[in-house]
Structures are given as C-alpha cells and as structure tokens.
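Everything below concerns the one structure shown next.
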Amino acid sequence: MFVNMSSVVLKALFSSQTRVKLLSTFLLHPEQEYFIRELTRLLGEQINSIRRELENLRRIGLVKARHKNRKKYYKIDADFPLYADLRNIFAKEIQAESPVVANLKKLANVDLVLLAGMFTGTESKVDLLIVGTVKKEILEALLLQDASLKNVKYSIFSEADFLYRLSLKDRFILEILNDPRNLIVFNSMQKQIDEAKGKR
C-alpha cells in the first residue's frame, strides 16, 4: 500500500518545472516560511503557476500553510513520509553529502554552513559561507583534501558579526541567505537569524 502511495506521489511531484523549483526551495530550506508573492520573486515564475503548484503540494501533504499578518505562509512538512528521501535527492545533486562538507559540519564552534556558487551550479560572490569561530588555515586544509575545491571562494563570519550585518539588512548577507538555490547544510542559529531579521 505504501509503495503504491509513493508511486502516485512521486509522479505528482516531478511533473512541472515550477513544482521542482518549489520543491528545491522548501526541501533545502526546511526552516523557512514563504508567502506566494515572495516565491514569485525568488523563483521567477508566474503567480498563478506558483499558487497552483502550492495547492498541489499542500493537497498531497508535503507543504503546510498558515495565516500570519494577513498573509498565507507555506512551509515544508517534515512529517511527510517521503520528506527525508526527497531532501536527500535534492541535497545529493549539489554535493551536500561530500566528505569535505561532512567535515565542515563536524568542526567545533560552527553555527552555519551554506553552499552556493560552484556547489550549486549558480553564479555567486562566494561558494561557501561559514558562521562560527573557524580558523582560515583549518578551513583551507579541509578544502585541499579535494582537488576540485582548491579554488573555492569562501567567507567566514563570527556569529556576532553575521547577526549584526543581518540586522542592518546587509545586502551581501541577505542575498546569499535568501537565494533559494543556495543550500544551508548546517544551521544551529535559526532562532537568532529570525530575531535579527525582525521576525517574531
């Protein structure tokens, strides 16, 4: 019975480009909530297409919705039976499970690891953003373990500096943090990020 249900769900999930963009956004940023016009701007799709696909995802139970401040917000439902499998599919496509990234997440005093640029196949000012007290020498030694990563562009911020810049709506920080194509592979500071953004 579960196999049949999964087959139906998978066929429904990957049948449109807009739906795939939405899946990528929700699955790779599971802590985030989005409203329709925000998704329209981020993904470059028509509002009617976004609205239709959101309803499809909500109907099968992958996305849940709630009303806040007169807006309807959508978020991934982590209790969905195929959530972990779907997230792995998207994450593996952009090297989220590479040994180097796994080692980065294990470093002491790391609060956030975000992949962009060469990791996600997109244009970006940096390929890797780290928040925490990580020494440049240690990070570079990790990157040198993989010859393909020797030219990685990276930025390291202390937690205090990152949150301060975010509270000031620093353009660089906001762009890389809000780009749905980027992947946050480790995040232990979502509450602080929300507070710095002014969310309640």
Next item on the list: Determine whether GLU159 is under 23 Å from ASP194 (Cβ atoms), of a type in the set (D, E, K, R) and modelled with pLDDT of 90 or more.
Entry: yes
Margin query: Just to confirm my filter: which strands (runs of 3 or more DSSP E) fall fully inside segment 102-200 and include at least 3 residues that are surrounded by 12 or more Cβ atoms within 10 Å (Cβ to Cβ) and free of Cβ contacts under 8 Å to residues at least 40 places away in the same chain?
Written below: 128-132, 154-157
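Does SER49 satisfy the criteria of being more than 30 Å from MET189 (Cα to Cα) and either surrounded by 12 or more Cβ atoms within 10 Å (Cβ to Cβ) or modelled with pLDDT of 85 or more (or both)?
Criteria met by SER49.
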Check: Is it the case that segment 68-91 has a residue that's more than 23 Å from SER188 (Cα to Cα), charged (D, E, K, R), at pLDDT 85 or above and crowded, with 16+ Cβ neighbours inside 10 Å?
Finding: no
Notebook entry, point to check: Restricting attention to segment 37-46, which residues are modelled with pLDDT of 90 or more and exposed (fewer than 15 other Cβ atoms within 10 Å of the Cβ)?
Noted result: ARG37, GLN46
Margin query: Can you go through SER24, SER49 and tell me which one is touching a residue at least 24 places away in the same chain (Cβ under 8 Å) and more than 18 Å from the chain's Cα centre (by Cα)?
Written below: SER49
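The values are calculated or read from the model by the stated rules, or taken from the named source; none is laboratory data. For clarity, every value in this text was computed on a predicted model and none was experimentally measured. Note that we place each Cβ from the backbone using ideal geometry, even for glycine, and neighbour counts take in every protein chain shown.
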